[in-house]
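*Asks:* First, the structure itself, so that you have it in front of you.
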Amino acid sequence: MADETTTSFARDIRPMFTDIDVEHMKGSGIDLSSYDDVQSYAAAIYRTVSNGTMPPPGSGKQWTSEMCERFKQWQRDNWPP
Ligand code: HEM
C-alpha cells in the first residue's frame with residue numbers, strides 16, 4: 001500500500017509549478033519540471049518562493065505558506081520521486 005504520509009515530487013511538488021514558471025525559468029537554466037533540477041536547486045527555490053520574489057509579481061500567484069511547507073516537507077522526506 002502506498003504511504004500517503006510521505007510527499008512525492010510527481011504528486012505534490014511538480015503541480016505547484018505552472019507552465020509559465022517552467023517556461024520562464026528554462027530561460028534562466030533551471031527546469032522546474034525536472035526532478036533533478038528541482039532537487040539540485042531546492043534551497044534557492046525554497047528561498048525565492050518563501051520570501052515572495054518568485055514567481056515575480058504579475059507573472060503568477062505567490063506561494064501560500066502551505067505550499068512552502070509542502071516543499072520543505074518533501075526535503076525532510078528525503079526527496080521521494
Ligand atoms: C532557483 C531559484 C530562482 C532563481 C535564481 C530565479 C531567477 C529568475 C530570474 C533571474 C528571472 C528573470 C527575471 C526577469 O527577467 O524579470 C526569473 C523569472 C521568472 N521566474 Fe524565477 N527564479 C527562481 C525560481 C523560480 C521559481 C521557483 C518560480 C516559480 C514558482 C519562478 C518563476 C519565474 C517566472 C514566472 C519568471 C518570469 C517573470 C516574467 O518574465 O514575468 N522562478 N527568475
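The values are calculated or read from the model by the stated rules, or taken from the named source; none is laboratory data. Source: prediction; values computed, not measured. Cβ: placed from backbone, ideal geometry, glycine included. Neighbour counts: every protein chain shown. With ligands, DNA and RNA removed, areas are computed over all heavy atoms of the protein, side chains included. Shrake-Rupley method; radii C 1.70, N 1.55, O 1.52, S 1.80 Å.
*Asks:* When the stretch 7-37 is examined, which residues are found to be within 15 Å of M67 (Cα to Cα) and of a type in the set (V, I, T)?
*Replies:* Hits for the stretch 7-37 are T7, I13, T18.
Conditions tested, residue by residue: (1) in a helix (DSSP H, G or I); (2) within 10 Å of the chain's Cα centre (by Cα); (3) of a type outside the set (K, R).
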site	(1), (2), (3)
T7	no, no, yes
R11	yes, no, no
V22	yes, no, yes
M25	yes, no, yes
L32	no, yes, yes
G52	no, no, yes
P57	no, no, yes
W63	no, yes, yes
P80	no, no, yes
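*Asks:* Within the stretch 42-64, count every residue that is near the ligand (Cβ under 9 Å from one of its atoms) and either within 14 Å of R14 (Cα to Cα) or open to solvent by less than 60 Å² (accessible area, probe 1.4 Å) (or both).
*Replies:* 11
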